[in-house]
Amino acid sequence: MIAKPEQARERARTILRDFGVKGVPVPIERIIKAKNIVLQYAPLDEDLSGMAYIKDGVGIIGVNALHHPNRQRFSAAHELAHHELHAEVIQKAVHVDKGFRVLLRDDVSSQGIDPLEIDANAFAAELLMPQEFLKSALDAGGLDLEDDAGIEALARKFRVSASAMRYRLAGRFQE
Ligand SMILES: [Zn+2]
């Protein structure tokens, strides 16, 4: 299997259109619930961000309740990607995700880059930080992105972690 991040992003854009999302923060919980996927929050080990599986035909997403709420949103979107894009895979076995480190490409490349994770991250990034809304936010000005405070302000607006926003702006979810 090879990664198809552009298709993953296109799927995220289709969902945003279907749900008539007109601004941020993107209502990730509402989207997941509308897809009849059960969203559960539970305290998990610190290094686990979430999991996706299908039990008795019901899609389930588990998110680590101990993480920051903005990080939980990204985990939920990442797990939604597995339901949207990799249903066959998660049908067979519970898919468990380690924390944000999966996003660090250098770290991942040492383990071999998993196409499933590349696609899921590309999907989650586009769903929560859509190109269109990011562009409007940046065009509106007033944000100094050279400065941590500027990135943090932008991240708060989209309700994602500053790390996720930094990655997005650096184009590192593109591959
Ligand atoms: Zn994953």
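Near the amide H of Ser49, within less than 5 Å, lie the amide hydrogens of Asp97, Lys98, Gly99, all on another chain or at least 5 residues away, with H placed in the peptide plane. For the chain, with all protein chains in place and a probe radius of 1.4 Å, 50% of the accessible heavy-atom surface sits on carbon or sulfur.
Close Lys pairs in the chain (alpha-carbon distance under 29 Å; sequence gap of 8 or more, or different chains): 26. Loop-resident GluC sites (Glu not before Pro) (DSSP state other than H, G, I, E or B) in the stretch 1-72 with no more than 16 further Cβ atoms inside 10 Å of their Cβ: Glu46. Solvent exposure of the chain amounts to 51 Å² per residue of accessible area, where only protein heavy atoms count and the probe is 1.4 Å.
DSSP loop (so not H, G, I, E, B), at most 13 other Cβ within 10 Å: list which GluC sites (Glu not before Pro) in the stretch 121-173 pass both filters. For GluC sites (Glu not before Pro) across the stretch 121-173 that sit outside H, G, I, E and B with at most 13 neighbouring Cβ atoms in 10 Å, the list reads Glu146.
What you get for the chain, charging only the Cβ of Lys and Arg (+1) and of Asp and Glu (-1), is a dipole of about 600 debye around the Cα centre. Full extension of the chain between Gln40 and Asp114 yields a length gain of 24.1 nm, computed as 0.36 nm times the residue separation minus the alpha carbon distance.
Here the simple spin-label model places points 7 Å from the Cα toward Cβ, and for Arg30 and His68 these points are separated by 2.5 nm. From helices alone, the chain scores -15500 deg cm²/dmol at 222 nm; the rule is -39500 (n - 2.57) for each run of n ≥ 4 DSSP H residues, then divide by the residue total. Within the stretch 12-93, the chymotrypsin sites (Phe, Trp or Tyr not before Pro) that combine a DSSP coil assignment with at most 15 other C-beta atoms in a 10 angstrom radius are Phe19. Considering the chain at the alpha-carbon level, its Rg and Dmax are found to be 15.4, 50 Å. Approximating the spin labels as points 7 Å out from Cα along Cα→Cβ, the Lys4-to-Arg156 distance works out to 4.0 nm. Annotation: the stretch 26-70 has a Kirkwood hydrodynamic radius of 11.2 angstrom, from the mean reciprocal C-alpha pair distance. Dipole orientation for the stretch 1-91: of the candidates Thr14, Val63, Ala76, Thr14 has the Cα lying most toward the positive pole (charges on Cβ; Lys, Arg +1; Asp, Glu -1). Protection proxy ranking for 114-122, 55-63, using the average of other Cβ atoms within 10 Å per residue and placing the highest first: 114-122, 55-63.
Given their separation in residues at 0.36 nm each and the Cα-Cα distance between them, Ala140 and Val94 gain 12.3 nm when the chain is fully extended.
Annotation for Arg17 and Ala170: the two label points, set 7 Å from Cα along the Cα-Cβ direction, are 3.2 nm apart.
The values are calculated or read from the model by the stated rules, or taken from the named source; none is laboratory data. A quick note: this is a predicted structure, and the numbers were derived from the prediction, not measured. Here Cβ is always computed from backbone atoms with ideal geometry, including for glycine, and neighbour counts include all displayed protein chains. Note: areas computed on protein heavy atoms with side chains; ligands, DNA, RNA excluded. Shrake-Rupley method; radii C 1.70, N 1.55, O 1.52, S 1.80 Å.
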